[in-house]
Amino acid sequence: MGYSRCQRYEPLPSFSSAVRVFLRNIPVFENFNKTIPMEITNIAGLSEPIKRLIEVISRGVGNISEPYLTKKNADAKAYEIKVIADAVTEGRKKLTQPEYYNGKVNIILAEEKPDSVPTLQNRMTARLEHQTQCNQQNIEAICANAAEELSQETSAPDEKPEPEWISRFFEISSGITTEQLQNIWGRILAGEVKRPGSFSLRTLDVIRNLSRKEAESFVKLCNYVLRSGDKMFFIYPKDTIFANKCGLTFNEILPLKDAGLVFESELEYSFNPSKVGETSHLIYGPLIIFIEREKDTLKLGSNVGLLTRVGIELLQLVNIQPDMKYIDIVCKSFNKEGVKFAFAKIKNLDGEKIEYENKTYKMP
């Protein structure tokens, strides 16, 4: 069939100049189905994280082409629609029954019998082709999200993602169809490129069964998660988050427990007895909360909900938006005589070394 050649896909505006130069030198596609192999040896000038991403994708799916690294922009989509429309119009002139359905132009020749029933073999082939095309589109969308996530990075570690992890990732991600979940999987791929081991195989399996609604609920919950050392928790919502109308309901928490992101039972988190002048702290997204002792104090404790290891790994994908009312709740939960509270914006966080701006004191 006489398609005119497709418009080249432009890279995202946020891509580095090296990525732009490289992608613009890839030949234009001759038709919708043709892909052009891009060998790893042809990536001189790209940033190390993008090179590593290309290597990981190649190990997962073989040779890769431009759509793996770029999202189709509005102009390219409009051009594609125009080409399809022209093909249908041309078919109406020369043939009998042109149709457009599910991204394909289907033309029935005059000598064909429209009422003929496809054979079992034909139906099977059509189904497998359709599934393969859908899986390919899903993988390319996820890889494009990963490339966007890595576009501002400048370095990559010596360690590389494990072959088993790469295989499992592409096996699972090929079935991810919704845009929001594809964005999450793109960030997971980028995160594993930046720091191999960030996401376990168990986490991949949990996310595989995560619905869009559950993902949205988890993002909501993350906006109330505090960190102390390697523990990630939230003040138990029975009399805090829900009562404060912070936008999270009890019915949204339950599926997160079933999904393995939150432990079933509430626990107590406590600070040990401390001497006068000692200070404890909690990390709350971009903020640090200080708990200062003006006198000797006994244990400070509160009932909390605790994230599982899978929940902790997923937390790094979320940009926490602090709720200032929630800081008041945290202060009240740990309040005792001789304790005062403050918070500050974090300037730099490197392990246990924290640089922060001026403190603001809170009255519990």
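We did not get these values from a lab; they are worked out from the coordinates using the rules stated. Every value quoted in this text rests on a predicted model; they were computed, and no experiment measured them. Reconstructed Cβ throughout: ideal geometry from the backbone, glycine too, with neighbour counts over all protein chains shown.
General observations
- Restriction of the GluC sites (Glu not before Pro) in region 153-232 to DSSP coil positions whose beta-carbon has at most 11 other beta-carbons within 10 angstrom yields 159.
- Loop-located GluC sites (Glu not before Pro) in region 263-307, at most 11 other Cβ atoms within 10 Å (DSSP): 264, 294
- Local net charge near residue 259, Cβ-Cβ under 15 Å (Lys/Arg +1, Asp/Glu -1): 0
- Computed FRET value (nearest 0.05) for residue 195 with residue 280, which takes r as the C-beta separation and R₀ as 41 Å: 0.90
- Residue-count net charge about residue 135 - beta-carbon cut-off 13 Å; Lys, Arg +1, Asp, Glu -1: -2
- Here the spin labels are modelled as points 7 Å beyond Cα on the Cα-Cβ line, and at residue 48 and residue 205 they lie 3.4 nm apart.
- Of 325/353; 213/345; 51/160; 194/345; 325/362, those spanning more than 21 Å from alpha-carbon to alpha-carbon: 325/353; 213/345; 194/345
- Cα→Cβ-extended label distance, 7 Å offset, between residue 345 and residue 267, nm: 3.3 nm
- In this entry, region 213-362 is assigned a mean projected area of 8.6 nm², taken as a quarter of its C-alpha convex hull surface.
- Fully extending the segment from residue 178 to residue 126, taken as 0.36 nm per residue of separation minus the present Cα-Cα distance, adds 16.4 nm.
- Using the Cβ-Cβ distance between residue 316 and residue 337 with R0 set to 41 Å, the FRET efficiency from 1/(1 + (r/R0)^6) comes to roughly 0.65.
- Over region 211-364, relative contact order from alpha-carbon pairs under 8 Å, at least 6 apart, %: 24 percent
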